[in-house]
Each structure stands twice: as structure tokens, then as C-alpha cells.
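**Q** One structure, as C-alpha cells, below. Some questions next.
The values are calculated or read from the model by the stated rules, or taken from the named source; none is laboratory data. Predicted model only: the values in this text are computed from it and were never measured. Note that each Cβ is placed from the backbone with ideal geometry, even for glycine, and that neighbours are counted across all protein chains shown.
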Amino acid sequence: MGNKKNSSWSAIWPPAAVLAALLLFWQSAVSLGWVQAWRIPAPIAVVQEAIAIWPRLMMHAGYTLQLTLIGFGGGAAAGFVLAALLHLLPGVRRGVYPLFVLSQNVPIVILGPIMTMLFGYGLLPKVLLVIMVCFFPVVVAMLSGLSHADPALRHYLQMIGAGKWTLFWRLELPGSLVHLFSGLKIAVSYSVVSAVFAELLAPKNGLGGFMVLSSRGFMPERSFAAALLIIIVSLLLFGLIVWCERFVVKWRPKAEGGSSHA
Amino acid sequence: MLDVKGISKSFGAGSTAKEVLSGLSLSVADGEFVSLIGPSGSGKSTLFSLIGGLQTPSSGRIAVGGEDITGKTGHIAYMPQQASLLPWRTVSGNIELALRIAGHGDKASIKATAQKWLEAVGLGEYCNAYPHVLSGGMAQRVSFLRALLSPQPLMLLDEPFGALDALTRLQMQQWLLSIWEKHRRSVLLITHSIEEALQLSDRVLVLSASPGTIVDEIIVPFERPRREDLWTDNRWSELKGRIYNGLQGAGGGV
């Protein structure tokens, strides 16, 4: 136990020290006048500004979080269901899956302006954009998991009389959960980026909009504060998925679980 | 119990067709332990897939307890070479799942059965553990229990101890014997080990290389319960020699 604590501490302090050094360098660069504060604000000034406008920041963060969660939830659920359907209908999969892979090469965010054109400036086009972005990594990861079930386990279950449905529920689906979570981790990071991007297109609410309006208004401290908050939201959501994975995929040996996102 | 009559199986068609099994017949009586020993490429795995119903023979019939099961799955209990425990189900959960797939409806009673047996074989503390904490030998014990507790009357054991080290393998053979001699079931065992076949079975069938067909049948004369030091018996080396020669004649080493 003590050993483990030591090892996690020894993993944390080097990057923490580098980060602290960078912040110190940044702060001194501004304080000593190497860069103008209106171009790049000092870290302390960013934090002071964030505290000063805290309620507004929180309101915008709430919008962004709402958009991210609806889009991520919708995209992940749609991806999950579609992966299961394509897996159970191999004929359809052969026709549809290559197109999915091709469409992954299109950066989905370029569809942003088109979505705005079609659906206006409300929540709907933004949610649709986030859904589309989250959808693909989940489908691809889940399908790969479903079709890579352990052949020895499959052979055993078939020998004792398991049919297609039993194989799906007892073998393929539980076996694909690890893959599903690797897809969810990618999707959740994408979901924040795409939500912020969607907000840039119609900058009324949300951190993305607040950030772009602040930079247009020459308030760099506010832009940086918004950016900082976006990073924090993204990290928190990623952490939430990792936590859920530990809770759901609890059969794995500890050593593997610890290095799963390395 | 098990009747395999004139089974042939070929893969491919036309001039490239390869016959893996040719006119093979065998039977296992109620409560009899039969071993199948043969060189690589004698179609042992194919035979098990046929009995298990995963493949259908090119010709011939397979019956269990008088019922024709040719090409039908779910009529056998099975213990594969790898323990094949689902990693996301507990040790007890793995046994319960096999019984449920075999058609057992009563969840509570199968759970109680699984736990009672795990305790009886000294694995009680692993009931609710996930399989990754088990050693290779322990995992194979669970795998054997799972097959033994399944309601199907015939057990197919597919080189069950092939992946274990020599010492564990000997212990597992003794362990399996001690349980099987108290709870007799019809067993068909595939093995590469002449000693294992002689130690465990009532009858040994020697298979030839491709196409596989039975070239010798040995009725093992040792009384049950089997002694651990059977190799001190004069008949042991004589039978070993006979099986060895059969395998040599059958084309290829063990």
C-alpha cells in the first residue's frame, strides 16, 4: 500500500514541478515586461479576472456542459445501438461500415456552418454536431470489440449449445466493454472540443462564445479564464469516464486497470 | 450412451478435397471412461466438433442415449484444453452460466449447487472471485466441475491437462479420478499422453493419422479405484508399448 502511494507520488511530482516552473516563467515574463500584458495576460491576472466574473463564467460553463453532455450521451447511445445492430446484421454491416470509415476522414466540424444554416442558431444544430462527432469513435471501437471475441471462449460456448443471442449477451457484449470505454474516452474529449466549436458559430451562450466575444473585446484575461475552464471541464469528463470504467470493468487484474489509459 | 457410426468428414471439394476422418465408429457405454489417442492430424478435434454438433459429417450418424444428434449442439458437456472461463463472470457465475445454457431454469438451486461443489473441492473461497486470480490448475478444476455439473450425460474432455506442467498434470489426473470414480459419467477424453490414457480410462482407442480411423482398442485391465503407482504393474509397460507401437504404425509420433 505504502509502496503504491510512493509510486503514484513519484509519477505526479515531475510533471507538477515542470508545470509550476512554466507558470512561474510565464508570470515573471509578464511581470518583468518581456511581453505586454494586453497580448498575453499573467496567470495571476487570469485567476483574479476569473474570480471577479465567476457567476458569469459558471453560467456559460453550465451551457457548455449541458451541450456537451446531451451531445455525448446521444452520440454514445446512438453509436452503441448502431454497433450492436451492424454486428448482428453482418450483411448490412458489409454495405454500411466501409462508408462509415470513409466518412471518418471528413472532419465533422466543417459541417458546423452547414448545420447552422439548416437548423438556425438554437441548441439543436449544436447538439447534432456534437452527436455526430461522438458517434464515430464509439461505433468503431464497439464494433471492433464485438467482432474480436475470444475464439476459444466462443468455441466452448458453441460446444455446450449457446446460440447467436446467448453468444451476443454472454460473450460478445461483455467482451466489448473494454473497447467501448476506449471509444468513450476519445468521444468525451472530442465532445468538449466540438461543443466549444459549435458555440463559436453562434456566440451567445457557452464558454466558446464567451471566449470569442472576450477576445474580440480585447479582454484577454477573460479569454484565458474561459479557456482554462474548458480544459478543466474536459479533464473532469475524461476522469468521469475513467471512473465509470473502473466501476463497470471490475474483473480485470489491478495492474492492467492502472495502466489502461497510458 | 454415445454411438458414432461410420463417420467420414472431408474438407474442400473435388480434387482438392481432404478426408480427415474415414468411416470411424466408436461407442461409449453408460458411466464408461474412454480415451482417444492419436498423432497430430488424426482428426481428433474434428471428431469433437462433429459430436458437439458444430459441424456435420459428410456421412455417418451420431447418437447420444439413442437420440440422433448429428449436427445438433447442446447435447454434451465440454471441457476444453484452455479453461475458457469468462473473465467477467465470477468462478461460481461461470459454472452457473454453463448450467443455464444447458437449460437449467432454477437460478437459486444452481447457485447453491455450484457453491456446494466449489467448497467440496477446496475452492470455496474463490466462489465470488474473478477467474484471473486462479492458477492454471485451479482454473481447470473449475472447468471440470462446470462440465461435471452440467446435466448432459456425456462429457467430452479435449486434452484438458495439455497446457499444465508435468507435476500439476499428475495431480490433476488423480484429482479427476477421485471425483469421477465417485460420480461416474460417460466420458470421452482426447489426450496426447499414453500414461494419462492408461491411468484414467476403461478403454483406449488408438487413432491413425489422416484420414483418421481407429487402428487399435485396448481394454484397460486395472481395477478401480485406480492405484497411484500403476507403473509398478507389469501390464503397465506392456500396454504402453502396445499403444506406442499402434501410434508408430498409425503414422507419426505422438
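**Q** May I ask you to verify whether residue A:9 is at pLDDT below 85 and exposed (fewer than 11 other Cβ atoms within 10 Å of the Cβ)?
**A** It is false that residue A:9 is at pLDDT below 85 and exposed (fewer than 11 other Cβ atoms within 10 Å of the Cβ).
**Q** Out of the residues in the range A:146-159 that are in a helix (DSSP H, G or I) and either within 14 Å of residue A:84 (Cα to Cα) or within 19 Å of the chain's Cα centre (by Cα) (or both), state the one that is farthest from the other protein chains (Cβ to nearest Cβ).
**A** Out of the qualifying residues, it is A:147.
**Q** Something else: Any residue at all in the range A:37-47 that's surrounded by 19 or more Cβ atoms within 10 Å (Cβ to Cβ) and assigned to a loop (DSSP other than H, G, I, E, B)?
**A** yes
**Q** Related question: Please note which strands (runs of 3 or more DSSP E) are completely contained in the range B:1-88 and include at least 1 residues that are more than 19 Å from the chain's Cα centre (by Cα) and surrounded by fewer than 20 Cβ atoms within 10 Å (Cβ to Cβ).
**A** B:2-11, B:18-28, B:59-64
**Q** If I ask for residues that are surrounded by 14 or more Cβ atoms within 10 Å (Cβ to Cβ), more than 21 Å from the chain's Cα centre (by Cα) and of a type in the set (A, V, I, L, M, F, W, C), which ones from the range B:96-113 would you list?
**A** Once the filter is applied, which keeps residues that are surrounded by 14 or more Cβ atoms within 10 Å (Cβ to Cβ), more than 21 Å from the chain's Cα centre (by Cα) and of a type in the set (A, V, I, L, M, F, W, C), the range B:96-113 yields only B:110.
**Q** Could you tell me which numbered condition residue B:89 fails, if it satisfies all but one of (1) of a type in the set (D, E, K, R); (2) over 25 Å from residue B:190 (Cα atoms); (3) away from every other protein chain (no Cβ under 13 Å)?
**A** Only one criterion in (1) of a type in the set (D, E, K, R); (2) over 25 Å from residue B:190 (Cα atoms); (3) away from every other protein chain (no Cβ under 13 Å) is unmet by residue B:89, namely (3).
**Q** OK, next. Might you check whether a residue that is of a type in the set (Ser, Thr, Tyr), touching a helix residue (DSSP H, G or I) at 6+ places or on another chain (Cβ under 7 Å), under 24 Å from residue A:172 (Cα atoms) and buried (at least 16 other Cβ atoms within 10 Å of the Cβ) occurs anywhere in the range B:118-126?
**A** Taking every residue of the range B:118-126 in turn, none turns out to be of a type in the set (Ser, Thr, Tyr), touching a helix residue (DSSP H, G or I) at 6+ places or on another chain (Cβ under 7 Å), under 24 Å from residue A:172 (Cα atoms) and buried (at least 16 other Cβ atoms within 10 Å of the Cβ).
**Q** Of the numbered conditions (1) over 20 Å from residue A:192 (Cβ atoms); (2) within 14 Å of another protein chain (Cβ to nearest Cβ); (3) not small (Gly, Ala, Ser), residue A:105 fails exactly one; give the number of that condition.
**A** (2)
To keep it simple, each residue is scored yes or no on (1) modelled with pLDDT under 90; (2) part of a helix (DSSP H, G or I); (3) surrounded by fewer than 20 Cβ atoms within 10 Å (Cβ to Cβ); (4) away from chain B (no Cβ under 14 Å).
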| residue | (1), (2), (3), (4) |
| --- | --- |
| A:79 | no, yes, no, yes |
| A:85 | no, yes, yes, yes |
| A:92 | no, yes, yes, yes |
| A:113 | yes, yes, yes, yes |
| A:135 | no, yes, no, yes |
| A:141 | no, yes, no, yes |
| A:144 | no, yes, yes, yes |
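**Q** Condition check: within 18 Å of residue A:220 (Cβ to Cβ) and part of a helix (DSSP H, G or I). Does residue A:34 satisfy that?
**A** For residue A:34, the condition - within 18 Å of residue A:220 (Cβ to Cβ) and part of a helix (DSSP H, G or I) - is not met.
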